[in-house]
Amino acid sequence: MNLIENLEWRYATKKFNPSKKVSLENLEQIKKAIQLSASSYGLQLYKVIILDNKELREKLKSVSYGQNQITEASHLIVFCNYSVVTENHIDEYFVLKSQTEQVNILDLKGYSDFIKADVRNKSQIEKDKWTSNQTYLALGNLLNACAELKIDACPMEGFETKEYNKILNLDKQGLNASVIATIGYRSDDDSSQNTKKVRKSTNNLFA
Ligand SMILES: Cc1cc2nc3c(=O)[nH]c(=O)nc-3n(C[C@H](O)[C@H](O)[C@H](O)COP(=O)(O)O)c2cc1C
């Protein structure tokens with residue numbers, strides 16, 4: 001299957017088969033695809049929480065406009081951006097970079113100072129937007145990886161961020177629920193799987 005066929009196959013699944021679980025092996029593949037996502041400066045300023053606990057998902061469903069995918073899917077993935085960005089985040093990245101690339105960390109100081117200055121210059125709103133943007137790239141990779149593995153998924157913004165932050169204790173960690181996805185296997189009677197893709201023509205989409 002090639003990329004375009006995968007993209008035609010996938011759809012935002014509305015009704016999952018609650019008895020079909022994504023295997024640990026496939027979950028690892030999806031995690032790897034998320035881990036390999038591009039991010040601004042490579043900082044990966046987010047955490048990804050994978051939930052399958054039913055009780056917790058029931059609670060989250062009540063603050064997700066009652067959307068059934070939250071509890072009927074195999075797993076709920078919560079992409080959380082760091083709303084508090086510290087110099088520590090940047091230092092951690094450069095320690096990892098120097099170890100991975102076998103470069104003296106002192107040789108990276110100029111670049112590190114440049115990024116720190118750039119981050120310092122951002123307002124809180126800009127920082128939130130910036131780190132949240134990165135989670136959408138990871139979400140895109142999740143959708144593509146799932147499509148290749150023939151795992152159904154639904155990207156979702158229909159949830160109350162503040163409530164997610166409270167229920168998942170994200171505030172205390174400087175995190176914020178940015179976007180979520182449910183993954184699993186479609187129910188045979190999910191009528192959405194039969195509807196045609198609604199997309200602008202390429203002529204219209206590209207200038
Ligand atoms: C960022 C984002 C948020 C979305 N939020 C929801 C949601 O809360 N609930 C839902 O059922 N679908 C949600 N969708 C699915 C879109 O409605 C769907 O992707 C779009 O209509 C295109 O259809 P397709 O994905 O089936 O091709 C969301 C999609 C994206 C990309």
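Entry remark, the stretch 3-20: residues being in a loop (DSSP other than H, G, I, E, B), over 19 Å from the mean Cα position of the chain (by Cα) and either within 16 Å of the ligand (Cβ to nearest atom) or under 14 Å from LYS150 (Cβ atoms) (or both) number 3 in total.
Condition first: outside any helix (DSSP H, G or I) and either in contact with a helix residue (DSSP H, G or I) (Cβ under 7 Å, 6 or more places away or on another chain) or of a type in the set (A, V, I, L, M) (or both). Now tell me which residues in the stretch 45-55 satisfy that. Explain how you work it out, then say what you get.
Keep residues of the stretch 45-55 that are outside any helix (DSSP H, G or I), which gives 45-53.
Answer for the stretch 45-55, where residues must be outside any helix (DSSP H, G or I) and either in contact with a helix residue (DSSP H, G or I) (Cβ under 7 Å, 6 or more places away or on another chain) or of a type in the set (A, V, I, L, M) (or both): LEU45, TYR46, VAL48, ILE49, ILE50, LEU51.
Hey, could you check the stretch 61-110 for residues that are of a type in the set (S, T, N, Q) and more than 24 Å from LEU137 (Cα to Cα) and say which is surrounded by the most Cβ atoms within 10 Å (Cβ to Cβ)? Even if it seems obvious, please write down each step before you answer.
Going residue by residue through the stretch 61-110, those that are of a type in the set (S, T, N, Q) are 62, 64, 67-69, 71, 74, 81, 83, 86, 88, 98-100, 102, 104.
Retained after the next criterion (residues that are more than 24 Å from LEU137 (Cα to Cα)): 62, 68, 71, 98-99, 102, 104.
Working: SER62: 13, ASN68: 15, THR71: 20, SER98: 16, GLN99: 10, GLN102: 6, ASN104: 8.
Among residues in the stretch 61-110 that are of a type in the set (S, T, N, Q) and more than 24 Å from LEU137 (Cα to Cα), the one surrounded by the most Cβ atoms within 10 Å (Cβ to Cβ) is THR71.
For the stretch 93-115, a tally of residues being under 15 Å from SER40 (Cα atoms) and among the acidic types (Asp, Glu) returns 0. Residues that are under 30 Å from PRO155 (Cα atoms) and crowded, with 16+ Cβ neighbours inside 10 Å within the stretch 111-125 comprise just one, VAL119.
When you scan the stretch 18-27, do you find a residue that is under 25 Å from SER191 (Cβ atoms), in contact with a helix residue (DSSP H, G or I) (Cβ under 6 Å, 6 or more places away or on another chain) and at pLDDT 95 or above, even just one? Yes: one or more hits.
Would you mind finding the one in ASP128, ASP171 that is in contact with a strand residue (DSSP E or B) (Cβ under 9 Å, 6 or more places away or on another chain), farther than 18 Å from HIS75 by Cβ and surrounded by 10 or more Cβ atoms within 10 Å (Cβ to Cβ)?
On the way: ASP171 fails: in contact with a strand residue (DSSP E or B) (Cβ under 9 Å, 6 or more places away or on another chain).
Just one listed residue meets the conditions, ASP128.
Scanning the stretch 141-181 for residues that are within 16 Å of the ligand (Cβ to nearest atom), assigned to a helix (DSSP H, G or I) and in contact (Cβ under 8 Å) with a residue 40 or more places away in the chain turns up ASN141, LEU142, LEU143, ASN144, ALA145, CYS146, ALA147, GLU148, GLU163, TYR164.
The values are calculated or read from the model by the stated rules, or taken from the named source; none is laboratory data. What you see is a predicted model; the values in this text were computed from it and never measured. Note that each Cβ is placed from the backbone with ideal geometry, even for glycine, and that neighbours are counted across all protein chains shown.
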